Amino acid sequence: MTRVSVLIAHQLGLLTYRAETALAPGTIVAAPLGNRAVMGVVWDDPADEAVPAEKLKVVSALSEDLSFDGPLRRFIDFVAAYTLAPRGAVLKLTLRGPEALEAVEPAKGLTLTGLSPGKWTPARERVRAALAAGPMPRARLGEVAGVSSAIITGMLKAGALAQMDLPEALPAEPKMPELSADQNAAAEALSASIGEGFSVTLLNGVTGSGKTAVYLEAVAAALAAGRQALVLMPEIALTPMVVARLTERLGHEPAEWHSGRTPAARNAVWRQVADGSASVVVGARSALFLPFRDLGLVVVDEEHDASFKQEDGVVYHARDMAIARAQAASAPVVLASATPSIETQHNAARGRYRVLALPDRVGGAALPDIGLIDLRQTPPPKGEWLAPPVRAAVTQTLSAGYQVLLFLNRRGYAPLTVCRKCGHRMLCPNCSASLVEHRLRGTLVCHHCGYFEKKPDTCSACGAVDSLTPCGPGVERVEEEARAVWPDARVLTLSSDMAGGPAELSAALDRASRGEADIIVGTQLVAKGFTLPKLQLVVVVDGDLGLASGDPRAGERTFQLLTQVTGRAGRVTSGGRALIQTHAPEHPAIAAMARQDAEAFYAEEMLMRRDGWLPPFVRLAAIIVSALDRQQAVDHAQLLARTAPDVTDLEVLGPAEAPMAILRGRYRFRLLIRAPRTMKLQSILGEWLAAAPITGTVRRSVDIDPQSFL
Ligand code: ADP
Ligand code: ZN
């Protein structure tokens, strides 16, 4: 018997066990815990020699061929140390149930045996016809033949159908693109870095410059070198597009990893990544925690995107952790964006990241012309949202046979519902947020906790009948206006809460890109990644929307979003333009959009960050204290403030009510910690928090590098 230390996928983290034979670090084990068994991994830390041997429980290896290699273990240690999350919680992100350790069964299909099922009914005939060209999976057969499961079962029982392993899809011929000279130079530079150790490259190209085409070449190069590659996307809705383009480029399908996939599909991907049979993964941020066997390249597409921040559980930024993952694997990482984050630009300027630039659009299409519509001078009619000059431009674009995008980053019909009689606002009972009307569903919805209710006929405060009035627009309301003003146009609304989920959404995007809609009304989802060949005019319905929060990061966010969305116009044919409706044309982010001067905007932002003592020039951390009882939250937050570490140059601000002061029924307070970048902030925070144990219903979460600076 030997002692081993095992990291278990549980808050307790590292425990000491016994094993029959020596188990190497990285071995996946079943570890008894209380009266159940949890999964764990033998870790590198020395085992605890103080515990008497007879008290130790015995672990056993769960897999002969799969294990966690050194780079993955180092990555898990790093994420835990960086985010101050328990190591066991980070391990939990990387492990799946024991089923994932099983070899992946070849896909099964059904085939005709040649035997008669007795009588050839019309339904059975349809099954026979569907299988004439070859076997197919049962679920698909039901769809294609249009028969019920019972019909198929009957034919199986009668011996007319049999199960067989489906042959693997034959790889198609990889399709080599013709790259421009700039693209080619960038692709070659990236490909050359494969196998040359850790490096970070910023691939900075204007919208439509062909960045995706460039990083696909780097992925192909990694595969050609026998390594694995990971492509991280900020949004599930974007994965089908990249999967399709990778399939075309490589001749085989990449693995896809995100929460929209079934547990069985995810188990299969996990297993195939671990045994090396999956060479490319396209995924959302959690794909970072897959057990790659030989990771040779990491790509982070739209690296500036705020969706890369994971806010629940282990709080991490997937772009930053992707860099750590690549470093642990000694592999290059590519950050692609038309509008890189200030943090990334700062690192590039300091020479820590290499920069590859694509300054022009492919095929020579010009960037769109951008105009501001000052709503103070040319307001829309009362109760409507599109100003007269915008309407004229839309009419003109439609009559020229092109598409228009009306962009508003707000789901639903109206963001606020107010009683005309008493002024009462309809609020979420669990959150400090107003309820958003969704007229299609006839409900009022909280976008923070999901609470919803049927829209009432009477005001809940004064009882007035039919007095509840929608205030402000959401995409549904803009759609209503578009249908009224342009009754002959085909209007399509695209929003992330669309019925039917990601599949329906990507089908709708396909229809839009084939030109089957004249006016597209969309939220930020349409701002990213898609090419709509006929789109010539982008209208930003509310350019000021992101600026209202007062967060010092709001300018950067607005500039990025507006650049992305206006960059949808005129991608394929020149002559695209964008109109931004605004009440604040003088705001630096809006003015920079009109001048199309990204460089000056970023230079000013950088100065503002430096002078304001904000990231990336300092390090921030936020501590959110929440409780069901307001006083408990206040007490704990004040305890933290009183016991704050007394360290030169470390500042503790607050506690103050968090930007969302009540969320899901919990009262929230926030402390903000500011320190020089050279300070070992995590260890100071760790000691401070350990000395202030939580009590009652209090919960505490630490956010290193918070997105909001408020
Ligand atoms: P980005 O990622 O910079 O927005 P994409 O790689 O998506 O750009 O390219 C924009 C469009 O141009 C896509 O439809 C893509 O297929 C096409 N494209 C990219 N590179 C080329 C090229 N060298 N020649 C022709 N078309 C290209
Ligand atoms: Zn709510």
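The values are calculated or read from the model by the stated rules, or taken from the named source; none is laboratory data. Since this is a predicted model, take the numbers as computed values, not measurements. Backbone-built Cβ (ideal geometry, glycine too); neighbour counts: all protein chains shown.
Considering region 488-524, and only residues there that are at positive phi and out of contact with any Gly (no Cβ under 8 Å at 6 or more places or on another chain), the residue that is modelled with the lowest pLDDT turns out to be 500. For region 525-534, taking the residues that are modelled with pLDDT of 85 or more and not hydrophobic (A, V, I, L, M, F, W, C), the one that is nearest to the chain's Cα centre (by Cα) is identified as 533. Restricting attention to region 355-399, the residues being basic (Lys, Arg) and surrounded by fewer than 14 Cβ atoms within 10 Å (Cβ to Cβ) number 2. Taken over region 12-28, the residue count meeting the criterion of being touching a residue at least 40 places away in the same chain (Cβ under 8 Å) and over 14 Å from residue 76 (Cα atoms) is 9.
If a residue has to be on the phi > 0 side of the Ramachandran plot and either near ligand 1 (Cβ under 8 Å from one of its atoms) or surrounded by 22 or more Cβ atoms within 10 Å (Cβ to Cβ) (or both) to count, how many in region 195-220 make the cut?
Counting residues in region 195-220 that are on the phi > 0 side of the Ramachandran plot and either near ligand 1 (Cβ under 8 Å from one of its atoms) or surrounded by 22 or more Cβ atoms within 10 Å (Cβ to Cβ) (or both) gives 2.
Counting only strands (runs of 3 or more DSSP E) that sit wholly inside region 440-481, those with at least 1 residues that are within 16 Å of ligand 2 (Cβ to nearest atom) are 443-445, 452-454. The set of residues from region 615-639 being surrounded by fewer than 22 Cβ atoms within 10 Å (Cβ to Cβ), under 20 Å from residue 666 (Cα atoms), out of contact with any Ser or Thr (no Cβ under 8 Å at 6 or more places or on another chain) and not charged (D, E, K, R) comprises 631, 634, 638, 639.
Number of residues in region 34-53 that are in a strand (DSSP E or B), surrounded by fewer than 18 Cβ atoms within 10 Å (Cβ to Cβ) and touching a strand residue (DSSP E or B) at 6+ places or on another chain (Cβ under 8 Å): the value is 1. Taken as a whole, region 302-323 holds at least one residue that is of a type in the set (Gly, Ala, Ser), over 24 Å from residue 226 (Cα atoms) and touching a helix residue (DSSP H, G or I) at 6+ places or on another chain (Cβ under 6 Å). When we screen 475, 485 for residues that are touching a residue at least 60 places away in the same chain (Cβ under 8 Å) and either under 29 Å from the mean Cα position of the chain (by Cα) or within 16 Å of ligand 1 (Cβ to nearest atom) (or both), the only hit is 475. Close Cβ contacts (under 6 Å, 6 or more residues apart or on different chains) running from residues in region 242-262 that are outside any helix (DSSP H, G or I) to residues that are small (Gly, Ala, Ser) comprise 251/172; 255/278; 257/283; 257/287; 258/283; 258/284. Candidates are the residues of region 424-459 that are in contact (Cβ under 8 Å) with a residue 24 or more places away in the chain and farther than 21 Å from residue 664 by Cα; the one that is farthest from ligand 1 (Cβ to nearest atom) is 459.
Of all the listed residues (190, 141), the sole one being at negative phi and away from ligand 1 (no atom under 16 Å from the Cβ) is 141.
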